[in-house]
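Here the structure is laid out as structure tokens; the discussion comes afterwards.
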Amino acid sequence: MFTVTRSTARLAVITAFAGLLAAACETNLGPKGPPPAGQLAAIAVTPNPARLPPSSSQQFVAHGTDINGAVIVFVPTWSVVANGGSINPGSGMFAAGATLATFGNTVRACNNLGNICGFATVIVANTPPVGPPLGKASTYGILAGSTVTCAGAPGTINADVGVFPGSTTTGFPPCTITGATHLADATSDSAQQALTVAYNALAAYACGTTITADMGGTTIPAGVYCSTSSIGVTGTLTLDGGGDPNALFVIQAASTLTTGTTASIALINGAQAKNVWFQVGSSATLGTGTTFRGNIVALTSITLVDNATMLGRALARNGAVSLGTNNSITLP
């Protein structure tokens with residue numbers, strides 16, 4: 001007769017419990033490895049990092065991809081995990097707090113299960129370092145080394161105009177200047193000195209992408225772009241800020257910058273004209289009807305052909321700034 005001892009019974013209970021525990025673990029663990037192609041595998045949050053003043057706002061965007069890098073559309077849930085401010089859990093709109101600091105990986109976007117997340121760092125600072133220091137040149141819509149000319153009205157410069165070491169302007173009136181005019185005086189001298197500092201600062205930016213073709217018809221993110229010769233824009237060049245109002249665009253031309261007829265510099269997703277800089281090694285020409293958004297800092301001269309408009313600045317170190325008819329320049 002088989003006798004069940006107390007030890008045998010205890011062992012049977014333990015063995016049964018171990019089996020149940022193993023089965024439960026296998027069930028909870030689920031399949032091993034990353035999600036298959038076509039399913040969300042990673043989330044990237046942009047901008048990252050985001051730099052903004054205290055008590056200001058920033059729109060964050062979440063980009064989902066599968067294991068092969070293909071875009072996966074999903075609805076993120078947003079949260080803040082390391083302070084720095086607050087965020088709308090549905091929209092991703094971040095409101096910075098008053099504390100000046102760097103908050104690493106504080107903005108989090110997750111899928112609906114919360115098991116796949118992306119992060120972004122927030123830098124709360126009083127003065128975002130966007131672009132070169134313009135100093136005393138910042139109020140000028142036009143700054144020239146030799147002269148400023150306007151072929152005929154209408155033509156309006158909604159800013160200061162300065163010339164140094166030259167001392168002349170031609171065509172004003174009938175063209176108009178809404179700001180101050182400084183010709184060969186101490187004020188325009190100081191502005192030209194500030195322009196030289198800005199030009200050298202822009203030229204010193206390390207190139208991130210080399211330009212090898214006409215930039216018209218392209219969309220580019222923030223960064224530093226350079227050409228070893230000339231730069232042309234035929235059609236529309238679109239600058240994508242990626243949701244960052246401080247996105248910086250620096251475009252360096254070793255020689256000339258030329259835009260075609262009705263060319264345009266378009267700004268999307270938070271990009272701002274004040275943060276767009278074209279550093280030109282010789283001269284720039286904006287073709288007929290060009291809509292230009294950004295600042296041109298040229299070593300020699302800048303020309304606006306008829307009907308070209310600028311939301312920005314035309315700053316020439318050594319040569320002239322020449323306007324056609326029906327031009328306007330407004331500070332960004």
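Between 180, 191, 203, the residue with the greatest mean-square fluctuation in the GNM of the chain (Cα pairs under 10 Å linked by springs) is 180. Neighbour counts of C-beta atoms inside 10 Å place 310, 93 in the sequence 93, 310, starting with the fewest. Looking at the chain, the DSSP beta bridges with both ends there are about 25 percent antiparallel. Between residue 68 and residue 167, the FRET efficiency estimated from the beta carbon spacing at R0 = 56 angstrom works out to 0.30.
A Cβ-based charge dipole, computed about the Cα centre of the chain with Lys and Arg at +1 and Asp and Glu at -1, lands at about 880 debye. What the phi angles of segment 84-94 give under the Karplus curve with 6.51, -1.76 and 1.60, with θ = phi - 60°, is a coupling list of x, x, 10, 9, 6, x, x, 9, x, 7, 9 Hz, glycine and proline written as x.
Fully extending the segment from residue 268 to residue 207, taken as 0.36 nm per residue of separation minus the present Cα-Cα distance, adds 19.7 nm. Considering only alpha-carbon pairs that sit under 8 angstrom and 6 or more positions apart, the relative contact order computed for the chain is 13 percent. Rounded if a/c is under 1.5, else prolate if a/b is larger than b/c, else oblate: which is the chain, with a ≥ b ≥ c the root eigenvalues of its Cα gyration tensor? In terms of gyration-tensor shape, prolate. Site pair residue 57 and residue 306 shows an inter-label distance of 4.4 nm when each label is modelled 7 Å from Cα along Cα→Cβ. Judged by the gyration tensor of its Cα atoms, with axes a ≥ b ≥ c, segment 58-156 is prolate; a/c meets the 1.5 cut and a/b is the larger of a/b and b/c.
Please work out the Cα center distance from segment 56-128 to segment 312-330, rounded to the nearest Å. Cα centroid of segment 56-128 versus Cα centroid of segment 312-330: 41 Å apart.
Once the Cα atoms are used to define both axes, helix 6-29 deviates from the longest principal axis of the chain by about 20 degrees.
Here the gap between residue 102 and residue 39, fully extended at 0.36 nm per residue and compared with their Cα-Cα distance, gives a gain of 19.4 nm.
Against the chain, whose longest principal axis is taken from its Cα atoms, helix 186-203 shows a tilt of about 40°. Summing Lys and Arg as +1 and Asp and Glu as -1 over all other residues whose Cβ lies under 10 Å from the Cβ of residue 273 gives a net charge of +3. Note on the chain: helix-only mean residue ellipticity at 222 nm, from DSSP H runs of 4+ residues weighted -39500 (n - 2.57) and normalised by residue number, equals -4500 deg cm²/dmol. With the simple spin-label model, which puts each label point 7 Å out from Cα in the Cβ direction, the residue 200 to residue 86 separation comes to 4.8 nm.
Since every read-out is calculated from the coordinates, none of them should be taken as a lab result. Keep in mind the model is a prediction, meaning the values are calculated, not measured. Backbone-built Cβ (ideal geometry, glycine too); neighbour counts: all protein chains shown.
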